[in-house]
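Every number in this text was worked out from the coordinates using simple rules, so none of it is lab data. Since we're looking at a predicted model, the values are computed, not measured. Positions of Cβ are backbone-derived with ideal geometry, glycine not excepted, and every protein chain shown enters the neighbour counts.
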Amino acid sequence: MSLEDTLRVLERAPLFAEIRQDALRLLAFSAEEVALREGERLFQGGTPAEGAFVVLAGAVRLVVSSRKNGSERRVGPSTLIGGMALLIPTERPCDAFGAEPSNLLSIPRPLFRRMLTEFPDIAAQLRHKLVERIGGDQSALLDVAATLRGLDKA
């Protein structure tokens, strides 16, 4: 995939949508493109996550297995997989497989941190987005807690 095509895909990923072209160019140029065959495992749940992936073309199946139930989701171009791993050491919460022949951009945490160091305004912008997201998540969790308390009383 050309650098310009990769930039267009990155611009459509929500985390990167408002990031300046020169910063995205650093990511696109420095990150590694990964080819994934249909059915091939990208990563296994529970393993350390050293960075994130952006689907450039094709599709990836994300599979969560648990004792009680499992879930599966299919994601396509411009999807960021494992975005928290760009910021903090964490583990993969699911297994990921190629749903079809696919190309992904592998963005290691050190590369992302380099971008934030070289473009500090982006770090401030990202912090603002994360605060908004955490606030929304917290609000949703409070709603769930209230619903569960209501079920306990019933």
**the range 30-69 - Rg (one decimal) and Dmax (whole number), Cα, Å** = 12.3, 41
**Protection-proxy order for peptides 141-148, 53-60, each taking the mean of Cβ atoms within 10 Å per residue, highest first** = 53-60, 141-148
**Request:** Send over the per residue convex hull volume for the range 100-145, Cα only, as a whole number of Å³.
**Result:** 121
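Under the Kirkwood approximation applied to all pairs of distinct alpha-carbon atoms, what is the hydrodynamic radius of the chain in Å?
Numbers: mean 1/r = 0.0592 Å⁻¹.
The Cα-based Kirkwood calculation yields 16.9 Å.
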**Message:** Using DSSP H assignments, which helices in the chain have an axial alpha-carbon span of 24 Å or above and a mean Kyte-Doolittle hydropathy of -1.0 or higher?
**Reply:** 120-153
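Taking 8 Å as the Cα distance limit and 6 or more residues as the minimum spacing, I'd like the relative contact order of the chain as a percentage. Provide the component values of the computation, followed by the final result.
Numbers: 258 pairs, mean separation 42.1, N = 154.
Across the chain, relative contact order equals 27 percent.
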**Message:** Counting only helical runs of four or more DSSP H residues, what would the 222 nm mean residue ellipticity of the chain come to if each run contributes -39,500 (n - 2.57) and the total is spread over all its residues?
**Reply:** -14000 deg cm²/dmol
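So, by mean Cβ neighbours within 10 angstrom, what's the order for 23-32, 123-132 with the highest one leading?
Values: 23-32: 17.3, 123-132: 12.6.
Order by mean packing, descending: 23-32, 123-132.
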**Request:** Compute the signed sum of charges (Lys and Arg +1, Asp and Glu -1) over the other residues within less than 12 Å, Cβ to Cβ, of M115.
**Result:** +2
